[in-house]
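These notes concern the structure reproduced below.
The values are calculated or read from the model by the stated rules, or taken from the named source; none is laboratory data. Every value quoted in this text rests on a predicted model; they were computed, and no experiment measured them. No Cβ is skipped: glycine too gets one built from the backbone with ideal geometry, and neighbour counts run over all protein chains shown.
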Amino acid sequence: MGRLFNALTYVVAFVAVVYGVGSGLLGDSEPDPRRPPVERVVPAPQYPSVPPLRGGSRQVVTIDVGEKENSIGTGFSIGPGWWLTARHVVDGCDVVGIVTGPRRGVRAHRVHLHPDADLALLEIPTERKIFPFATTSLQRNQAGYSVGYPQGQPGAVYATLMGQLRMRSVGRYRIEEPVVAWAEKRRIPNDLPALGGLSGGPMFDVTGAVVGVLVAASDRRGRVMTTAPSSMAALIAAHNVDVQRGGGDVAFSGRDLPAIGKRLRGSLRVAKVVCQLTGPRRRPQG
């Protein structure tokens, strides 16, 4: 199994995209920006179940988390002023924010990291229509749809659920967590060479309810990994985020995915997340 997923890499993005929006996030009135405060939380229980990967859910894939650089990812609205993304997108950044227009963005006031999963909550003073979280158990072969900014550009992935395994992150921080493996069925656009930049994007079920956050991918194997529902539930509960649960308000399908993704990005329910380093390179503690 280790060889099957040895090509897994974190979904990262191109520095050139970051520089295009950086000035809007920093702002002229803040000549000495400081890293947003970071908090770590204690997990809490209660979450939908996930079937194990065929062959056993104790299988472990190891990911090397490299040194932090200027990068982009994806985030989405889950509550008034609350946004969810991947931890590796924002951990160690001096400036974090979402892009709201050409050379315009809104900075995160605070970053909350999950201590044992690749998840982060952002406090951002902007409100968009929020996505609910699924409450029903996940099933093998069910469809999943992820929308965001692969390669820094609008895009999406359609996949089917394989099962749960464990992912070990090593490098600038060390954690081990349950994750859900999905088999890619389609990329949008069809010629999309890699998924860098989609990290932190939501994985939806057919109703538009959130079932995970995309955190890793293997382009060669055609696999994507999302956080387990238990990890999302823990981070949300730790900060008393007022989220919705149940079915969503978007009917997803592989055929309609391009139009749906365009609508969600256009309304900024799904947004591009920017990470910038402004000072000397530091090795974050994890």
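Return yes or no: is residue 191 under 17 Å from residue 151 (Cα atoms) and of a type in the set (Asp, Glu)?
Yes; evaluated as a whole, the condition is true for this residue.
Okay, residues lined up against (1) surrounded by 18 or more Cβ atoms within 10 Å (Cβ to Cβ); (2) under 17 Å from the mean Cα position of the chain (by Cα); (3) among the polar types (S, T, N, Q):
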{"site": "142", "(1), (2), (3)": "no, no, yes"}
{"site": "146", "(1), (2), (3)": "yes, yes, yes"}
{"site": "151", "(1), (2), (3)": "yes, yes, yes"}
{"site": "182", "(1), (2), (3)": "yes, yes, no"}
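State whether one or more residues within the stretch 130-139 are under 18 Å from residue 62 (Cβ atoms) and hydrophobic (A, V, I, L, M, F, W, C).
Within the stretch 130-139, not a single residue is under 18 Å from residue 62 (Cβ atoms) and hydrophobic (A, V, I, L, M, F, W, C).
Looking at this structure, is residue 251 assigned to a loop (DSSP other than H, G, I, E, B), touching a Pro at 6+ places or on another chain (Cβ under 9 Å) and farther than 23 Å from residue 122 by Cα?
Answer is no for this residue.
Give just the number: which of (1) among the hydrophobic types (A, V, I, L, M, F, W, C); (2) closer than 23 Å to residue 91 by Cβ; (3) at pLDDT 95 or above; (4) not in a loop (DSSP other than H, G, I, E, B) does residue 156 not satisfy?
Evaluating residue 156 over (1) among the hydrophobic types (A, V, I, L, M, F, W, C); (2) closer than 23 Å to residue 91 by Cβ; (3) at pLDDT 95 or above; (4) not in a loop (DSSP other than H, G, I, E, B) leaves (2) as the failure.
Out of curiosity, is residue 216 within 17 Å of residue 88 (Cβ to Cβ) and in a strand (DSSP E or B)?
Considered against the rule, which asks whether it is within 17 Å of residue 88 (Cβ to Cβ) and in a strand (DSSP E or B), residue 216 comes out as yes.
Tell me which of these residue 64 doesn't satisfy, since it passes every other one: (1) modelled with pLDDT of 90 or more; (2) assigned to a strand (DSSP E or B).
Only one criterion in (1) modelled with pLDDT of 90 or more; (2) assigned to a strand (DSSP E or B) is unmet by residue 64, namely (1).
From 191, 219, 256, which residue is over 28 Å from residue 79 (Cβ atoms) and free of Cβ contacts under 8 Å to residues at least 12 places away in the same chain?
191
Would the stretch 211-234 turn up any residue that is closer than 24 Å to residue 108 by Cα, surrounded by fewer than 24 Cβ atoms within 10 Å (Cβ to Cβ) and in contact with a Phe, Trp or Tyr (Cβ under 7 Å, 6 or more places away or on another chain)?
Within the stretch 211-234, one or more residues are closer than 24 Å to residue 108 by Cα, surrounded by fewer than 24 Cβ atoms within 10 Å (Cβ to Cβ) and in contact with a Phe, Trp or Tyr (Cβ under 7 Å, 6 or more places away or on another chain).
Just to be sure I understand, how many residues within the stretch 117-142 are part of a strand (DSSP E or B) and in contact with a Ser or Thr (Cβ under 6 Å, 6 or more places away or on another chain)?
Residues meeting the conditions: 1.
Go through (1) basic (Lys, Arg); (2) under 15 Å from residue 158 (Cβ atoms); (3) free of Cβ contacts under 8 Å to residues at least 24 places away in the same chain for residue 263 and report which single condition fails.
(2)
Any idea which of 175, 130 is under 30 Å from residue 54 (Cβ atoms) and out of contact with any Leu (no Cβ under 8 Å at 6 or more places or on another chain)?
Among 175, 130, only 175 is under 30 Å from residue 54 (Cβ atoms) and out of contact with any Leu (no Cβ under 8 Å at 6 or more places or on another chain).
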